[in-house]
Amino acid sequence: MSTPTSESLVEFRNLTFGYGDRVILDDISVVVPRGKVTALMGASGGGKTTMFRLIGGQNRAQSGTMLFDSQDVGQLDQAGLYAARRRMGMLFQFGALFADLSVYDNVAFPLREHTDLSEPLIRDIVLMKLNAVGLRGARKLMPSQVSGGMARRIALARAIALDPELVMYDEPLTGLDPISLAIAADLIRKLNDSMGLTSIFVSHELEKTFEISDHVIILANGKIAAQGTPQQVCQSSDPLVYQYVNALADGPVRFHYPGPTIFEDFGLGTVPVQGREHRRSAP
């Protein structure tokens, strides 16, 4: 079991969660270092986004504990949960901008929703956040007028509008061209350091992820397959981690979906068995 420490902002302690009989996370223990950039990696459907939902309190653990700044999120009442979420920012997959609101109003939305600030002050904050992502000049545009990479940056400006302590990014590098990917990755790193954030992001992009991360967690089969610095993860002896970080087509995650052998499907008479032949009877 991991031990509590002031160095962690988020901590999973022997946590189990699933949907019905399907276990998604099985007795996992994870510490997310405060002030660092942490990458969540692993095969699709492995529970990465579920971890975000547990941190934010949308899902509750079936056993174990989910701590945010030493508070048990699963035990918070509605007011406590609302206060905790106020300290979190979320960048959703593909940005999730409000299509009928301008770039400016998208970033202003959480400020108007969660604060009593005056419009002149909101304007200053919105322009500062858009400037931080390089899009102050795009404030009058509509989401339909911006590229996919720009949409992610606008969503990032919205995610940091309330000056959160924790920012969670759901696949911020997916589907971007090389320039937009480099910009997005650079922003995650620079904003984390300049604003004193703790950042967690889900990614399948190995090279850039290892370049900007302080800490990497790889999920597999509901368990933590590896966690540590990028260098430590790359040196893991776990076969599944080795397959993942080296982008191998075959390994513990098989290329072929389980099913009958090719000899059974095609009625072949001879089946190789450990260097010898075995004659099959005709079907």
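Assorted remarks:
- Distance-filtered residues of the stretch 100-136 - backbone nitrogen under 11 Å, label point 7 angstrom along Gln145 Cα→Cβ: 102-104
- Among Asn131, Asn192, Asn106: highest mean-square fluctuation, GNM of the chain, C-alpha pairs under 10 Å: Asn131
- With Cα atoms, 0 to 90° folded angle of helix 148-159 axis to the chain main axis: 60
- Placing unit charges on the Cβ atoms only, positive for Lys and Arg and negative for Asp and Glu, gives the chain a dipole magnitude near 280 debye about its Cα centre.
- Exposure proxy ranking, count of Cβ atoms within 10 Å, fewest first, for Val146, Val103: Val146, Val103
- Taking amide H atoms as placed 1.01 Å from N in the peptide plane, the amide H of Asn59 lies under 5 Å from those of Leu54, each 5 or more residues away in sequence or on another chain.
- Once backbone amide H atoms are built at 1.01 Å from N, Lys36 has Ser199 as its partners under 5 Å, excluding neighbours fewer than 5 places away on the same chain.
- Residue order for Val30, Val107, fewest other beta carbons within 10 angstrom first, comes to Val30, Val107.
- For the chain, the longest principal axis of the Cα atoms and the long axis of helix 103-114 meet at an angle of about 80 degrees.
- Choice from Val216, Val253, Val133 with maximal GNM fluctuation in the chain (Cα, 10 Å cutoff): Val253
Each value in this text was obtained by applying a stated rule to the coordinates, not by laboratory testing. Just so we're clear, the structure is a prediction, and the values are computed from it rather than from any experiment. Glycine gets a Cβ as well: all are built from the backbone with ideal geometry, and neighbour counts include every protein chain shown.
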